[in-house]
Structure formats: C-alpha cells, structure tokens
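Accompanying notes for the structure given below.
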Amino acid sequence: MYDIRKWQHVFKLDPAKEISDENLEALCMSDTDAIMIGGTDDVTEDNVIHLMSRVRRYPLPLVLEVSNLDSVMPGFDFYFIPSILNSNDVTYHNGLLHKALKQYGHMINFEEVMLEGYVVLNPDSKVAKLTQSNTQLDVEDIEAYAQLVEEMYKLPILYLEYSGTYGDKDIVKAASQMLTHTQLFYGGGISSLTEAKEMKNYADTIIVGNIIYSDIKKALKTVKIKKESK
Ligand code: 1GP
C-alpha cells in the first residue's frame, strides 16, 4: 500500500479540463508522488471515469478528491474528503459527508478514505465562493485551525487552499509550526520551482494544479523539489 506521509509533490488534475495524452504521460512519468483528480465545477461521473482510466495506465497512486456525490466511483487508491473548516455553510463541513454515509456507508472501505481539514484562503476562488468561506484570516486564526485539526479533530491532513493564487508563506509557516502528526498540504498558484521550494520549506506536500494547463514545462519543473530534498 502507498504511504501518503511520504508524498512531497502531487499534481491535481481537473476532470473538467482537457489534457493531451502527451502532457498526461509527461506528468505521470515525472517524479511526482501521486495524481489527484478533483475540481469545483462540472465534475461529473463521465469526465471523472474518463480521466481515471487514462491515468490508470501509469504506475502511480491515484486519488479522487471528492467534490460531489455523483462523481464518486470505485477504482481509486484513495478518496480524500475535504471538510471546509472556515466555511459558513455546514454542508461543506460535514453535510455532504453525512449524506454520503447515509447512502453508501455500508460499502465504503475506510482504509482508503482520508478526511482533509481544509482552510480556503483565496476569496476570489470558485471554491471560496461556493463554500462561502471566511478567508479573512490572520496568523493567529491559522494557528488555531492547525491546533483544531491536530489536537482536537486529529485529522491526517490540513490543506491550505489558495487555489488560483500564490499564498502567504507566513501563513503556511504558522500552520506548519503547530503540526506534528497532521500532514500539511499546500496548494495554490505554484508556477515555478522557486515557488515550489518556498512552500515546500513549510508544507509536507505541495499540490500543483492550474499551471499544468497553462504551461506544462513549468509544471514539470516543480517536481524538481524532490531531487533537491533527497
Ligand atoms: C487547487 O490546491 C490546488 O485545488 C492547486 O492550486 O490550481 O492554483 O495550482 P492551483
């Protein structure tokens, strides 16, 4: 079985976006630790199954980050479930999850499921708008969320989500200093090796998304953090 705790770098693919076979192969044959499939809009059973079957040709771990119940299906190594801690709508804390368990709880293999404590930090992102997240958070707020996740909820993952914009390293640093057992994920706006390295100083795992679709070469360069930290 794969050890998520060793993952340093993950590419996140949006099933609603097009990617060529050539670019997909370059991502999957890079030194990245895993591919995650997830998005906010237009995530459907059809586009998830299509992308899953294309990625499955390659020998690396594949994760579905669940964004809605309609697009959940067997065939992934792991299912990451976001719980948006700073959302003002309880649906995104545990409402969807409760609904899912009511419907499918009897057939879930909980070994494959990881709950991600999410803090959404880019007010202009689709995910912030959809989940009505309170993104006006300072270092003390982040420290308290990190403590909540590590000491109280005892979740395996804290995900600082800046989706679409490069984040504040002091926020990431503050979270990292509060965490011992919980793994820190950082995602948002990474478009160069320099940015990847900067966030990797504090986060255990960095997630690279958008740049895949705008500049594949730059996306591939971010994987070099792994060689440099070996
Ligand atoms: C998005 O955290 C990921 O969910 C990555 O962010 O797409 O901005 O790279 P970007």
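The values are calculated or read from the model by the stated rules, or taken from the named source; none is laboratory data. Here the structure is a predicted model, which means the values were calculated and not measured. Using ideal geometry, Cβ is built from the backbone for each residue, glycine included, and neighbour counts are taken over all protein chains shown.
Mind listing whichever residues of region 79-131 are closer than 20 Å to TYR166 by Cβ, in a helix (DSSP H, G or I) and either small (Gly, Ala, Ser) or in contact (Cβ under 8 Å) with a residue 12 or more places away in the chain (or both)?
Within region 79-131, LYS126, VAL127, ALA128 qualify.
Can you tell me which of ASP70, ASP42, ASP31 is surrounded by fewer than 19 Cβ atoms within 10 Å (Cβ to Cβ), away from the ligand (no atom under 16 Å from the Cβ), assigned to a loop (DSSP other than H, G, I, E, B) and in contact (Cβ under 8 Å) with a residue 12 or more places away in the chain?
Criteria check complete, one pass: ASP31.
Just checking, which of LYS226, LYS217, LYS221 is crowded, with 16+ Cβ neighbours inside 10 Å, out of contact with any strand residue (DSSP E or B) (no Cβ under 7 Å at 6 or more places or on another chain) and over 26 Å from LEU137 (Cα atoms)?
LYS221
Which residue is nearest to the chain's Cα centre (by Cα), if the candidates are limited to region 120-157 and must be under 17 Å from SER67 (Cα atoms), of a type in the set (A, V, I, L, M, F, W, C) and more than 10 Å from the ligand (Cβ to nearest atom)?
If we take residues in region 120-157 being under 17 Å from SER67 (Cα atoms), of a type in the set (A, V, I, L, M, F, W, C) and more than 10 Å from the ligand (Cβ to nearest atom), then ILE157 is nearest to the chain's Cα centre (by Cα).
Looking at GLU150, GLU140, GLU116, which is the one that is closer than 15 Å to ILE206 by Cβ, among the acidic types (Asp, Glu) and modelled with pLDDT of 95 or more?
Step by step, each of GLU150, GLU140, GLU116 is checked, and only GLU116 is closer than 15 Å to ILE206 by Cβ, among the acidic types (Asp, Glu) and modelled with pLDDT of 95 or more.
What are the residues in region 174-192 that are over 16 Å from ARG5 (Cα atoms), surrounded by 17 or more Cβ atoms within 10 Å (Cβ to Cβ), within 14 Å of the ligand (Cβ to nearest atom) and not β-branched (Val, Ile, Thr), if any?
Of everything in region 174-192, those that are over 16 Å from ARG5 (Cα atoms), surrounded by 17 or more Cβ atoms within 10 Å (Cβ to Cβ), within 14 Å of the ligand (Cβ to nearest atom) and not β-branched (Val, Ile, Thr) turn out to be GLY187, GLY188, GLY189, SER191.
Out of the residues in region 173-195 that are assigned to a strand (DSSP E or B) and of a type outside the set (S, T, N, Q), state the one that is farthest from the chain's Cα centre (by Cα).
In this case the residue turns out to be LEU184.
Please go through (1) in contact with a Leu (Cβ under 8 Å, 6 or more places away or on another chain); (2) loosely packed, with under 13 Cβ neighbours inside 10 Å for VAL90 and return the number of the only condition it doesn't satisfy.
(1)
Give all pairs with beta carbons closer than 6 Å in which a residue from region 203-217 that is over 13 Å from MET36 (Cβ atoms) meets a residue that is part of a helix (DSSP H, G or I) and more than 8 Å from the ligand (Cβ to nearest atom); count only pairs at least 6 apart in sequence or on separate chains.
These pairs meet every condition: ALA203/VAL172; ILE211/LYS218; ILE211/ALA219; ILE216/ASN23.
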